[in-house]
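The values are calculated or read from the model by the stated rules, or taken from the named source; none is laboratory data. Bear in mind that the values here come from a model prediction, so they are computed numbers and not experimental data. Counting neighbours? That spans all protein chains shown, and the Cβs are built from the backbone with ideal geometry, glycine included. Protein only, heavy atoms only, side chains kept; ligands, DNA and RNA dropped before computing areas. Shrake-Rupley method; radii C 1.70, N 1.55, O 1.52, S 1.80 Å.
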Amino acid sequence: MIPYSRQSISSKDISEVKKVLKSNFLTQGKNVEKFEKFISKISNAKFGVAVSSASSALHLACLALGIKKGDRVWTVPNTFVASANCAINCGAHIDFVDIDNNTWNISIEELEKKLEASKKKNKLPKLLIPVHFGGQPTEQKKIWALSKKYKFKILEDASHSIGATHLNEKTGSCRWSDITVFSFHPVKIITTGEGGMALTNSKKFADEMKILRTNGISQNNFIHKKNKNKPWYYEHQKIGFNYRMNDISAALGISQAKRIKEFIKRRNSIAKKYKNYLKKYPIKFQSIERYNTSSFHLLPIKFDLKKTKMNYKEIFKKFRLNDYFVNLHYMPLHLSPYFRKIGFKEGDFKNAEEYANSVISIPIFNDLRDTEILKISNLIKSFFK
């Protein structure tokens, strides 16, 4: 079966993991810090905080940004649930901003309208979480300008877009945000097995996330120097979590990150091949802005179902019957049972809903063969009249 995405593991990756397995430290050795510095460097950020998943990174970021009970946090409905859960787990009220019909990222037009209306009601958000859908960065410079006008913080959910750029600025640099989060799940651009990282240019935010990821145990050098005659001494300063990344994962991450340019080049090449094969068919690809580069974590295609021989369900099943494990990214989050219970309903975010009725993510990953790209393209062609 060919999945929509998967990891690419080299002999070098395996060798680096073996080194850790043969070492004295599997959890708190030197690799986590090395990985943090490596990702920070290639992203042009000052600080990196490696954790067990992007979901935990989002949660820690919300806490570091001071999100608490009663605060308002906005994200998009076209995302994985972690983009909303991170705020809900802090006791915040979650709301959504619809997506753009071409980029499938957060709509700046909808965001501006919602901000202006919310200002009149005195219900502005404390935090916005724009999601870099599919690997394309959001309009961060424009969002940053709006944040200054309406006084909200920005947490970039860049789980899809490590290695991408916006206006020649690398994703993760936090030039136009407070914190950026990456995911290293096996289907992402690089993997640590499970894992994530929060990047920031604020030492305050970085220190807060570091103490929270280790059950609230202080790593403050001043405290340790002050108690140097007590080598056993440590402090529980906060209620935290066990969100640490282990050294095995970090070693894999370092090895993977050294190939990031190769991975992104290949994914862009695959996307180009699909577009060339299908250019004469009524299929819409995600619009990549001319000032962006995408890492192409996903390759969603939107069908004109009025011109197909089958409906959406039949097309989806046909892919699966041919051993292509395609998927929908994403079902509109506001229409899932939990969010319906808190008041959201059909028609609230029409662009995201319309998108989900006709889009399927097709296979794109480093080791996908050109022969399979052609086979998948020919299968797609067969869906049309």
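How many of the residues making up the stretch 11-26 are at pLDDT below 95 and either among the charged types (D, E, K, R) or within 8 Å of I248 (Cα to Cα) (or both)?
Our first condition is that a residue be at pLDDT below 95; within the stretch 11-26, this holds for 23-26.
Add one more test, that the residue is either among the charged types (D, E, K, R) or within 8 Å of I248 (Cα to Cα) (or both), and what stays is 26.
Within the stretch 11-26, residues that are at pLDDT below 95 and either among the charged types (D, E, K, R) or within 8 Å of I248 (Cα to Cα) (or both) number 1.
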Exercise for the section: Need at least 3 residues that are under 22 Å from the mean Cα position of the chain (by Cα) per element, so show me which helices (runs of 4 or more DSSP H) inside the stretch 310-363 make the cut, counting only ones lying wholly within it. Expected result: 350-356
Handout entry: Qualifying positions in the stretch 146-178 - closer than 15 Å to A82 by Cβ, assigned to a loop (DSSP other than H, G, I, E, B) and of a type in the set (A, V, I, L, M, F, W, C)
Key = A158
Fill in the blank from the handout: Reported set for the stretch 127-146 where residues are open to solvent by less than 10 Å² (accessible area, probe 1.4 Å) and either in contact with a Pro (Cβ under 8 Å, 6 or more places away or on another chain) or without any contact (Cβ under 8 Å) to a residue 24 or more places away in the chain (or both) is G134, T138, Q140, I143
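Which of the strands (runs of 3 or more DSSP E) found entirely inside the stretch 1-116 contain at least 2 residues meeting this: buried (at least 24 other Cβ atoms within 10 Å of the Cβ), among the aliphatic types (A, V, I, L, M) and touching a residue at least 60 places away in the same chain (Cβ under 8 Å)? Write out each step before concluding.
Numbers: elements: 47-51, 72-75, 93-96.
Because the criterion is at least 2 residues that are buried (at least 24 other Cβ atoms within 10 Å of the Cβ), among the aliphatic types (A, V, I, L, M) and touching a residue at least 60 places away in the same chain (Cβ under 8 Å), the strands (runs of 3 or more DSSP E) in the stretch 1-116 that meet it are 47-51.
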Exercise for the section: Determine if the stretch 31-43 includes at least one residue that is at pLDDT 95 or above, more than 22 Å from the chain's Cα centre (by Cα) and of a type outside the set (D, E, K, R). Expected result: yes
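Can you find a residue in the stretch 267-274 that is of a type outside the set (A, V, I, L, M) and within 19 Å of the chain's Cα centre (by Cα)?
Within the stretch 267-274, the first condition is being of a type outside the set (A, V, I, L, M), and the residues that meet it are 267-269, 272-274.
Still in the running and within 19 Å of the chain's Cα centre (by Cα): 267-268.
So far as the stretch 267-274 goes, yes, one or more of its residues are of a type outside the set (A, V, I, L, M) and within 19 Å of the chain's Cα centre (by Cα).
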Practice task
Please indicate, with yes or no, whether at least one residue in the stretch 234-242 is closer than 25 Å to I39 by Cβ and in a helix (DSSP H, G or I).
Solution key: no
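Could you pull out the residue among S336, S361 that is among the polar types (S, T, N, Q), within 22 Å of I264 (Cα to Cα) and at pLDDT 95 or above?
On the way: S336 fails: within 22 Å of I264 (Cα to Cα).
Going through S336, S361 in turn, just one is among the polar types (S, T, N, Q), within 22 Å of I264 (Cα to Cα) and at pLDDT 95 or above: S361.
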Practice task
Return yes when S382 is open to solvent by 40 Å² or more (accessible area, probe 1.4 Å) and of a type in the set (S, T, Y) and no when it is not.
Solution key: yes
Practice task
Taking only the stretch 270-288 into account, find how many residues are crowded, with 16+ Cβ neighbours inside 10 Å and either part of a loop (DSSP other than H, G, I, E, B) or free of Cβ contacts under 8 Å to residues at least 12 places away in the same chain (or both).
Solution key: 4
Exercise for the section: Return a yes/no flag: does the stretch 202-220 have any residue that is assigned to a loop (DSSP other than H, G, I, E, B) and closer than 30 Å to K12 by Cα. Expected result: no
Exercise for the section: Would you check which residues across the stretch 310-333 are buried (at least 20 other Cβ atoms within 10 Å of the Cβ) and farther than 21 Å from I373 by Cβ and list them? Expected result: Y330, P332, L333
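Going through the stretch 250-260 one residue at a time, which ones are farther than 13 Å from E33 by Cβ and more than 18 Å from the chain's Cα centre (by Cα)? So that I can check it myself, show each step before the final result.
Taking the stretch 250-260 as the starting set, the residues that turn out to be farther than 13 Å from E33 by Cβ are 252, 255-260.
Residues satisfying the conditions are L252, S255, K258, R259.
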Exercise for the section: Just one of (1) in a helix (DSSP H, G or I); (2) in contact with a helix residue (DSSP H, G or I) (Cβ under 7 Å, 6 or more places away or on another chain); (3) closer than 20 Å to S8 by Cα trips up E372, so point out which. Expected result: (2)
Practice task
Output the number of the condition that V181 fails; it satisfies all remaining conditions of (1) in contact (Cβ under 8 Å) with a residue 60 or more places away in the chain; (2) among the β-branched types (V, I, T); (3) assigned to a loop (DSSP other than H, G, I, E, B); (4) out of contact with any Phe, Trp or Tyr (no Cβ under 7 Å at 6 or more places or on another chain).
Solution key: (3)
Handout entry: Extreme residue, modelled with the lowest pLDDT, among residues of the stretch 202-234 that are touching a strand residue (DSSP E or B) at 6+ places or on another chain (Cβ under 7 Å) and open to solvent by 30 Å² or more (accessible area, probe 1.4 Å)
Key = Y234
